[in-house]
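Data block below; observations after.
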Amino acid sequence: MYTLLKTNNKARRGQFETVHGTFQTPCFMNVGTSAAIKGGISSVDLRGLKTQVELCNTYHLHLRPGDHIVKAIGGLHKFMNWDKPILTDSGGFQVFSLSKLRKIKEEGVYFASHIDGKRIFMGPEESMQIQSNLGSTIAMAFDECVENPSPHDYVEASVARTTRWLYRCRTEMERLNSLHDTINKKQMLFGINQGSTYEDIRIKHMLEIAKLDLDGYAIGGLAVGESTDEMYRIIDAVESYMPVNKPRYLMGVGTPSNIIEAVARGVDMFDCVMPSRNARHATVFTWSGIMHLCNKCYETDPRPVDEECDCPTCRNFSRAYIRHLFKSNEQLAGRLAVQHNLYFYNTLTEKIRQAIDEDRFDDFRGKYSELLAKRI
């Protein structure tokens, strides 16, 4: 159950109670696609990095190790030793990214595995069944994510099909949650708003899916080709039609500045591979802007990555040492940088929550939105 605790203009401060614990919003979900954070970060590490929610992926776990194997072990929480909430993405975005390998029909999507080329079918029922086997806290509805830009007629037909799929997802989840051998009988379902960059389609779709009174609602299909200004325009258009008493999740976004700007537009939840992916290539986020640790200027720099940060990396290691690790191709380099970036993102949303609580979010936004996007 979501509780809206406070607002600063459109910025929202809330909490979401689940069967696996309560988390505070705005919230960043750390992305562990295959039940692991890339960069050598374990679920034990995540507890010390302020992680509230982990995100795992239906498509990838269905292929490896197989959702039936995860179910036999007792679900994702036991499998990866994580006792806090887990959200599973439905696989819709991965199917979108496999555009050369897939065929979309009313019943679902036929596609080829990116691993071995094996033919696979996934529809709303299959996605719900896989997510039920995984036992995640929150399951995402199966949808089609279209490329931006796409023709208006195609997007309209795609969204209508996504709506029909959502009804099938809800029916199947209700059936699965009633079964005696279901791991998480209180699994929640979030619907996904689609419509590319067309405000009329987005609004119509949001009004339609809001009628279902789901556990939460996501804005999908952004950050897939459109400009940042276009993304903000769509969030602004959709936000006022989203239920006030449900969490709002902006999928796959984004930079620290994106998060601040989306919170200012009424969004509660975020996920993105950016902090871990960038970190593995020596790019880190700090309270002064973005740094690339392989730069020559850090060769003899004894300071921590960020002098304002108290993450395990910054408490124990210097810029010079981490630069040396990257230059030497040591695996520890990526681990230390990923640790820092995840901690930074989780601290960012923590500071956003504090700013909303103290009625100073506008000041926080004014100070950090541009600063955190600056390259040092």
Got a sec? Which of 237, 223, 160, 210 is surrounded by fewer than 23 Cβ atoms within 10 Å (Cβ to Cβ) and not assigned by TED's automatic domain parsing to the domain that holds residue 75? 237
Subset tally (residues that are among the polar types (S, T, N, Q) and more than 21 Å from residue 375 (Cα to Cα)) for segment 294-339: 4
Test residue 224 against the stated conditions and say whether it is in contact (Cβ under 8 Å) with a residue 60 or more places away in the chain, farther than 21 Å from residue 163 by Cβ and in a loop (DSSP other than H, G, I, E, B). no
Within segment 26-54, track down each residue that is of a type in the set (D, E, K, R) and within 16 Å of residue 270 (Cβ to Cβ). 50, 54
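Yes/no matrix, rows are residues, columns are (1) within 21 Å of residue 53 (Cβ to Cβ); (2) not aromatic (Phe, Trp, Tyr):
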| position | (1), (2) |
| --- | --- |
| 269 | yes, yes |
| 272 | yes, yes |
| 278 | yes, yes |
| 287 | no, no |
| 292 | no, yes |
| 299 | no, yes |
| 306 | no, yes |
| 313 | no, yes |
| 317 | no, no |
Of all residues in segment 289-331, how many are surrounded by fewer than 20 Cβ atoms within 10 Å (Cβ to Cβ), touching a residue at least 60 places away in the same chain (Cβ under 8 Å) and under 16 Å from residue 41 (Cβ atoms)? 2
Would it be correct to say that residue 240 is touching a helix residue (DSSP H, G or I) at 6+ places or on another chain (Cβ under 6 Å) and not hydrophobic (A, V, I, L, M, F, W, C)? no
What's the total number of residues in segment 121-157 that are outside any loop (DSSP other than H, G, I, E, B) and in contact (Cβ under 8 Å) with a residue 40 or more places away in the chain? 17
Screening 173, 242 for residues that are touching a residue at least 12 places away in the same chain (Cβ under 8 Å), of a type outside the set (Lys, Arg) and outside any loop (DSSP other than H, G, I, E, B) leaves only 173
Look through segment 272-318, keep the residues that are in a helix (DSSP H, G or I) and of a type in the set (A, V, I, L, M), and return whichever of them is nearest to the chain's Cα centre (by Cα). 274
So, residue 136, is that one assigned by TED's automatic domain parsing to the domain that holds residue 177, surrounded by fewer than 17 Cβ atoms within 10 Å (Cβ to Cβ), within 22 Å of residue 273 (Cα to Cα) and not charged (D, E, K, R) or not? no
Residue ID - nearest to the chain's Cα centre (by Cα), chosen from residues in segment 21-71 that are of a type in the set (Phe, Trp, Tyr) and under 18 Å from residue 351 (Cα atoms): 28
Which residue is surrounded by the most Cβ atoms within 10 Å (Cβ to Cβ), if the candidates are limited to segment 259-268 and must be in contact (Cβ under 8 Å) with a residue 60 or more places away in the chain and touching a Leu at 6+ places or on another chain (Cβ under 7 Å)? 267
Pairs with Cβ under 9 Å, 6+ apart, first in segment 354-365 and in contact (Cβ under 8 Å) with a residue 60 or more places away in the chain and closer than 15 Å to residue 4 by Cα, second among the hydrophobic types (A, V, I, L, M, F, W, C) and not in a loop (DSSP other than H, G, I, E, B): 356/5; 356/11; 356/263; 356/364; 357/5
Could you check, for segment 320-336, whether at least one of its residues is assigned to a loop (DSSP other than H, G, I, E, B) and touching a His at 6+ places or on another chain (Cβ under 6 Å)? no
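The values are calculated or read from the model by the stated rules, or taken from the named source; none is laboratory data. As the structure is a computational prediction, the values presented were derived from the model and not from experiment. All Cβ positions, glycine included, derive from the backbone under ideal geometry; neighbour counts span all protein chains shown.
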